[in-house]
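**Student:** Pasting a structure here, questions to come.
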Amino acid sequence: MPSARDTNMRFKFSILALLLEVIIIVLFGIFVEYNNVDTSLSLYPHFQDVHVMIFVGIGFLMTFLKKYGFSSVGINMLIAAFGLQWGTLMQGFWHMDGGKIHVNIESMINADFSTAAALISFGAVLGKTSPVQMLILAILEITIFSCNEHLVTKILQATDVGASMTIHAFGAYFGLAVALVLYRPGLKNKHENEESTYHSDLFAMLGTLFLWVFWPSFNSVIEPGTISQTTAIVNTYYALAACTIVTFALSSLVDQRGKFSMVLIQNATLAGGVAVGTCVDMSIHPFAAMCIGSIAGIISVLGFRFLSPLLASKLNIQDTCGIHNLHGLPGILGGIAGIVVTAIKDEAKQGVRFTPGMQAAALGSSVGIALVGGALTGGILKLPFLGQVSDQNCFDDSVYWEVPEEEKPLEIQANNYNEHSRFEASM
């Protein structure tokens, strides 16, 4: 049964959400204008692909928890809708022209990218945080993300077209740092609701398929050159395919009965798209892209099988969705691949020559800033007045959502019946 504190948090959420939206609208009124010389309309189909990944793909990927589907899709939508507005401002402040932020399709894509980092972090604390905490996390993470992205792309002048480092590694290690600070000893032994059902896993697999199909657009959309963009699409296409075959093979191999694990198929099949991202637009040959995808599948499967339990038991990092294995480790692999490729090949773009040193610095800054920023954010989210759901109410939609009566715990049904009876008696 939800506590009085949980009920109070709903009131706080409404005030916070409305206040933040008013602030954003005012800031848009002051700083944001149309880009009247916009030539990015050709990007709109790719933007739609990325948009579907953000709202549908990631949202449904997290619906595997049996009693947390409403929150997985719904809070994902909340964070994304807020994040794309805040991301427009935070990224736009770095590129103002005449004191104004000029928006177009390209800026909308970049805003979605900044939102993706926050949604990745959401996966680490899924089921254990309140909507208020998630709004605060989105504000802080997108702000820090924008600073790191500017550092990587403009100051260090590193390449990361598919954002292996700046989105995936950053979002993963930011989320893991938050999860560490928000560690719950009461959840050391697995919560009864922290498991899936046949249908919840099927919904999550739907999210996987959306992400898998549209990932080539995600990795290629910000690449300006037609040839390089085609190269990015081809490399992602084959990296994902190779990763999927390796994931299925290892999923059966690591199981004592030789059966496939839906958790691995939902997540590790996507790791190839993450890992190939940094060097995806380079002429590395489809063979190399497939090798990167295969290695990503291996480390993701082994991470889920062996590393996640170790992080939970030894380091007190309770990673609900296993973002370390889908985004963290493959993101680092992508950063390393970028270092190797730039060391072997003379890669340049728009007059900038990419060096392994700058690529290494970009990887280090993305992980380092994420860990520090995540730890500080976790400390803020832990402040008593923000509150958070009790251990017993974790992974349960009924704390913050109206759910069908047959899905509610018996004590909540009884409480609703008593309230209805008192209302009828007062009539």
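The values are calculated or read from the model by the stated rules, or taken from the named source; none is laboratory data. Note that the structure is a prediction, hence the values are computed from the model and not measured. Every residue, glycine among them, receives a Cβ derived from its backbone with ideal geometry; neighbour counts consider all protein chains shown. Just the protein is used for accessible areas: all its heavy atoms, side chains included, with ligands, DNA and RNA removed. Shrake-Rupley method; radii C 1.70, N 1.55, O 1.52, S 1.80 Å.
**Student:** Checking Asp160 against (1) among the acidic types (Asp, Glu); (2) open to solvent by 10 Å² or more (accessible area, probe 1.4 Å); (3) in a helix (DSSP H, G or I), which test does it fail?
**Tutor:** (3)
**Student:** For Leu383, which of the numbered conditions (1) in a loop (DSSP other than H, G, I, E, B); (2) touching a residue at least 40 places away in the same chain (Cβ under 8 Å) fails to hold?
**Tutor:** Only one criterion is unmet by Leu383, namely (2).
**Student:** Consider only pairs whose beta carbons are under 6 Å apart and that are at least six residues apart or on different chains; among these, list those whose first residue lies in the stretch 87-106 and is touching a residue at least 60 places away in the same chain (Cβ under 8 Å) and whose second residue is among the charged types (D, E, K, R) and not in a helix (DSSP H, G or I).
**Tutor:** Close Cβ pairs satisfying both conditions: Lys100/Glu33; His102/Glu33; Asn104/Asp38.
**Student:** Hey, another quick one. Could you tell me which of the residues Met96, Met62 is aliphatic (A, V, I, L, M) and either touching a His at 6+ places or on another chain (Cβ under 7 Å) or more than 27 Å from Ser398 (Cα to Cα) (or both)?
**Tutor:** Met96
**Student:** Could you please find all residues in the stretch 370-396 being closer than 22 Å to Ala117 by Cβ and either among the acidic types (Asp, Glu) or surrounded by 21 or more Cβ atoms within 10 Å (Cβ to Cβ) (or both)?
**Tutor:** Ala370, Gly373, Gly374, Thr377, Gly378, Leu381, Gln388
**Student:** Of the residues Ser300, Ser283, Ser308, only one is within 18 Å of the chain's Cα centre (by Cα) and at pLDDT below 95; which?
**Tutor:** Exactly one residue qualifies, and that residue is Ser308.
**Student:** Kindly evaluate Ala275 against the criterion of being open to solvent by 10 Å² or more (accessible area, probe 1.4 Å), under 25 Å from Thr63 (Cα atoms), modelled with pLDDT of 95 or more and of a type in the set (A, V, I, L, M).
**Tutor:** Here the answer is no, as Ala275 does not meet what is asked.
**Student:** Quickly run through the stretch 278-299 and pick out the residues that are open to solvent by less than 20 Å² (accessible area, probe 1.4 Å) and without any contact (Cβ under 8 Å) to a residue 12 or more places away in the chain.
**Tutor:** Result: no residue meets the conditions.
**Student:** Still on this structure, please answer the following. Exactly one of these conditions fails for Leu250: (1) touching a Lys or Arg at 6+ places or on another chain (Cβ under 9 Å); (2) farther than 20 Å from Asn325 by Cβ. Give me its number.
**Tutor:** Unmet for Leu250, out of (1) touching a Lys or Arg at 6+ places or on another chain (Cβ under 9 Å); (2) farther than 20 Å from Asn325 by Cβ: (2).
**Student:** Tell me yes or no: at least one residue of the stretch 231-251 is modelled with pLDDT under 95 and surrounded by fewer than 19 Cβ atoms within 10 Å (Cβ to Cβ).
**Tutor:** no
**Student:** Then there's this: Considering every residue within the stretch 300-307, establish whether at least one is under 16 Å from Ala179 (Cα atoms) and either in contact with a Phe, Trp or Tyr (Cβ under 7 Å, 6 or more places away or on another chain) or free of Cβ contacts under 8 Å to residues at least 24 places away in the same chain (or both).
**Tutor:** yes
**Student:** Where the second residue is open to solvent by less than 10 Å² (accessible area, probe 1.4 Å) and in a loop (DSSP other than H, G, I, E, B) and the first is among the aromatic types (Phe, Trp, Tyr) and lies in the stretch 162-183, which pairs have Cβ atoms under 9 Å and are six or more apart or on separate chains?
**Tutor:** Phe170/Ala163
**Student:** Looking at (1) in contact (Cβ under 8 Å) with a residue 24 or more places away in the chain; (2) over 16 Å from Asp281 (Cβ atoms); (3) in a helix (DSSP H, G or I); (4) within 21 Å of the chain's Cα centre (by Cα), which is the one condition that is false for Asp319?
**Tutor:** Unmet for Asp319, out of (1) in contact (Cβ under 8 Å) with a residue 24 or more places away in the chain; (2) over 16 Å from Asp281 (Cβ atoms); (3) in a helix (DSSP H, G or I); (4) within 21 Å of the chain's Cα centre (by Cα): (3).
**Student:** How many residues are open to solvent by 10 Å² or more (accessible area, probe 1.4 Å) and of a type in the set (D, E, K, R) if we restrict to the stretch 132-155?
**Tutor:** Final tally of qualifying residues: 2.
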